[in-house]
Amino acid sequence: MADVFEILADPTRRRLLKALRGGERSVNELVEEVDIHQPGVSRQLRILHEAGFVEVRPDRQRRLYSLRPEPFRELEDWMNDYRQIWDARFDKLAAHLASQKKKDVK
C-alpha cells in the first residue's frame with residue numbers, strides 16, 4: 001500500500017476527497033464537481049479505493065463512492081502525537097509574550 005502522504009499529496013485526489021465530504025457521489029457527479037475528465041477521475045478514485053480512503057457501492061449501473069473514516073482517524077492520531085509538541089511550543093510563546101507585555105506596561 002502506498003504511503004498515506006503520497007496519496008494525499010496529489011491535488012486531484014484531495015479535490016475528490018473534498019467533494020466526497022458532502023456525501024456519496026457517482027463518478028459522473030464527481031467529474032462535474034472537480035472538472036476533470038472521467039478517465040482521470042476513475043483512475044484517482046481507484047487509487048483512493050486501493051489506499052482505503054473511499055468505498056464503492058454498486059447502484060444498478062452506477063458506482064457510488066463515499067469516504068471511509070478509518071484512514072482519517074489514523075491521520076488524526078498521527079497528528080495528535082505532534083500536536084503535543086506544538087502545544088508545548090505555543091505555551092512557551094504565550095508565556096514569553098505575557099512577560100514582554102508586563103515589561104512594556106512597567
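Numerical summary
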quantity	calculated
Longest to shortest principal axis, alpha-carbon extents of the chain, angstrom	74, 27, 21
Order of Ile7, Ile85 - criterion: other Cβ atoms within 10 Å of each residue's Cβ, fewest first	Ile85, Ile7
Highest average packing first - 75-81, 26-32, Cβ atoms within 10 Å	26-32, 75-81
Within-12-Å neighbourhood charge of Gly40 [Cβ basis; K, R +1; D, E -1]	+2
Approximate spin-label separation Arg63-Val105, in nm, with each point projected 7 Å along Cα-to-Cβ	6.3 nm
Relative contact order, percent, the chain [alpha-carbon distance under 8 Å, six or more residues apart]	23 percent
Packing-based exposure ordering (other Cβ within 10 Å, fewest first) of Val105, Val41	Val105, Val41
In sequence order, calculated HN-Hα J values of the range 77-90 (Karplus, 6.51, -1.76, 1.60; Hz; x Gly/Pro)	4, 4, 5, 4, 4, 7, 4, 4, 5, 5, 4, 4, 5, 5
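A short reminder: the numbers here are calculations on the coordinates, not readings from a lab. This one's a predicted model, so the numbers in the text were calculated from it and none came from an experiment. Don't worry about glycine lacking a Cβ; one is built from the backbone with ideal geometry, like all the others, and counts go over all protein chains shown.
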